[in-house]
Amino acid sequence: MNIYLLIIIVSLAGSCLLGIYSRQLNRKALSPKLPDEFSETFDADEYRKSQDYTKAGIDFENISGSITTIITIMFIIFGGFNAVDLWARGFGYGQILTGLIFYAGLAVLSDILSLPFSLYHTFIIEEKFGFNKTTLKTFFIDKVKGYLIGGIIGGAILSGILLFFNVAGSLAWLWCWIFTVLVTLGIQYIAPTWILPLFNKFTPLEEGELRNKIENFAAANGFELSGIFMIDGSKRSTKANAYFTGFGKKKRIALFDTLIQSLSADELVAVLAHEIGHSKLGHIRKMMLISIINTGAVFLLMSFFLGNKELFAAFGMQHISVHAGLIFFALLYTPVSIVLSIFSNVRSRKHEFEADAFAAKTTGKPEALVSALKKLSVSNLSNLTPHPFYVWLEYSHPPVLKRINALRNL
């Protein structure tokens, strides 16, 4: 068997089996006994519901992941990529347009495969546990918007990459790296005002206690904001969330309306203090720098495989092309990507502990963050007893009980 084909199939199957194994460990770690820390937060019915929600998620991921992996392997073995490539070439365009048609075809096939799972997750699982507020109309409008934005931004990035790899010779990887980083930073800059409002309504947070406390905290800690907004998250889900968007002088706070309804002003300030901590402690800059370096390394490695005949033979390709080579390298890179994601999660969990400590110290109210974490765990039906191996493999945030214990030990 072609060595590249063997590596890719083993990587895809191994990744799927590793996911199933870790999720089954997570299921077994579910404890019928409510942790004492949550005795006054969860009642028996809510705790049972949270465990049922975790089990439903595990079953869904096992089934959807297995089916997707099997279909992907069959698509590779039976020459699916070659068929899409020949179809794209049939339009008779140049290399860049042919490549974009090739990606569009794969995107449509991927979406056809994922659509039933997405519908089931949103309208069956999330609906059953009281989270879903999305209508079918909103669901499909979101998809259309996603297609348009993905087509414009993704098409622009892919066009640039294809152009450089076709005309820039041995330094193509460097030009692709620079181009991709610049476009990505540009998107982050315009996203708060041009892209995100296409999906949610951003309303300036009204004057009052909450706004005053947020502004006072940000000012006291030298964190410049361009705005504080409430977004209509309840249009899609009852789950609560908050995030920062943009960078430089374009930083803005986005609070889900569901979060504002769930937490007190002090608890909300504690949550936002945690997010500000990521910025003040340099986590965002470090992660961005690592991402930029990783992108450059990937492009450099990719440049050695784009014309590899054995790699293209693994997929039964009749033609060697840059556009297909990008996909094949991404599949070949799967085991490396898994390892890097584990290290990334370890680093991210460390950052979360540090941001929690920052919030506790700067607000002077660690119990406010503890209380917020508890309430969010209840409203999101979080798993309170995840298995350590699953945490190590998948969690970008520490389990909530570990975060609470760390806050108590400050």
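The values are calculated or read from the model by the stated rules, or taken from the named source; none is laboratory data. The shown structure was predicted, so the numbers you read here are calculated from the model rather than taken from an experiment. Cβ: placed from backbone, ideal geometry, glycine included. Neighbour counts: every protein chain shown. SASA here: full protein model, heavy atoms, side chains in, ligands and nucleic acids out. Shrake-Rupley method; radii C 1.70, N 1.55, O 1.52, S 1.80 Å.
Calculate the FRET efficiency for R347 and Y21 from the Cβ-Cβ distance with a Förster distance of 30 Å, rounded to the nearest 0.05.
Efficiency for this residue pair is about 0.80.
Per 0.36 nm of contour for each residue apart, how much would the distance between S291 and K145 grow if the chain were fully extended, relative to their Cα-Cα spacing?
Going from the current span to full extension adds 49.9 nm.
Could you size up the charge dipole of the range 102-211 around its Cα centre, putting +1 on the beta carbon of Lys and Arg and -1 on that of Asp and Glu, and report it in debye to the nearest 20?
Dipole magnitude for the range 102-211 comes out near 220 debye.
Given a Förster distance of 22 angstrom, what is the FRET efficiency for H397 paired with F60, based on the Cβ-Cβ distance and rounded to 0.05?
0.60
Quick check: residue separation of I284 and L97 times 0.36 nm, minus the Cα distance between them. What number comes out in nm?
Additional length available on full extension: 63.7 nm.
For the range 5-71 and the range 110-179, compute the distance between their C-alpha centroids and round to whole Å.
25 Å
Can you give me the % of accessible surface on the chain that is carbon or sulfur? Probe 1.4 Å, all protein chains present, nothing else counted.
Carbon and sulfur atoms account for 65 percent of the accessible area of the chain.
Please get the size of the charge dipole for the range 204-273, origin at its Cα centre, with Cβ charges of +1 on Lys and Arg and -1 on Asp and Glu, quoted in debye to the nearest 20.
Using only the charged Cβ atoms, the result is roughly 400 debye.
Quick check on the chain: of the DSSP beta bridges with both residues there, what percent are antiparallel, nearest 5%?
60 percent
Obtain the nm distance between the two label points defined at N216 and H319 by a simple spin-label model: each point lies 7 Å from its Cα along the Cα-to-C-beta direction.
6.7 nm
Along the Cα→Cβ direction, 7 angstrom out, place labels at D45 and S337. What is the inter-label distance in nm?
4.3 nm
So if I place +1 on the C-beta of Lys and Arg and -1 on the C-beta of Asp and Glu, and nothing else carries charge, what would the dipole magnitude of the chain be about its Cα centre? I want it in debye, nearest 20.
Computed charge dipole of the chain: roughly 420 debye.
Would you please give the FRET efficiency between S264 and L136, computed as 1/(1 + (r/R0)^6) with r the Cβ-Cβ distance and R0 = 41 Å, to the nearest 0.05?
0.70
Answer with one residue from L281, V183, L268: the one whose Cα lies farthest towards the positive end of the charge dipole of the range 176-291, charges on Cβ with Lys, Arg +1 and Asp, Glu -1.
Of the candidates, V183 comes out farthest on the positive side.
Do the sum for the chain: with -39,500 (n - 2.57) for every DSSP H run of n ≥ 4, divided by all residues, what is the mean residue ellipticity at 222 nm, to the nearest 500 deg cm²/dmol?
That calculation yields -22000 deg cm²/dmol at 222 nm.
Select one label from (i) 8; (ii) 19; (iii) 15: the one whose number is percent of Cα pairs over 42 Å apart as derived from the coordinates shown.
(ii)
Ordering R403, R27 by how much accessible area each has at a 1.4 Å probe, largest first, what is the list?
R27, R403
Where in the range 203-284 are there GluC sites (Glu not before Pro) that are in a DSSP coil and have at most 12 other Cβ atoms within 10 angstrom of their Cβ?
Those satisfying the criteria are E206, E207, E224.
Could the peptides 189-195, 228-234 be put in order, highest first, of the mean number of other beta-carbon atoms found within 10 Å of their residues?
In decreasing order of mean packing, 189-195, 228-234 become 228-234, 189-195.
Using alpha-carbon pairs under 8 Å, 6+ residues apart, how would you state the relative contact order of the chain in percent?
Over the chain, the number comes to 23 percent.
Could you let me know the centre-to-centre spacing of the range 362-410 and the range 255-311, using Cα atoms, in angstrom?
First find each Cα centre; the distance between them is then 19 Å.
What per residue convex hull volume, in Å³, do the alpha-carbon atoms of the range 258-410 yield?
Here the figure is 145 Å³ per residue.
Skip the ligands, DNA and RNA, and give the accessible area per residue of the chain with a 1.4 Å probe, whole Å².
Using a 1.4 Å probe on heavy atoms only, each residue of the chain averages 51 Å².
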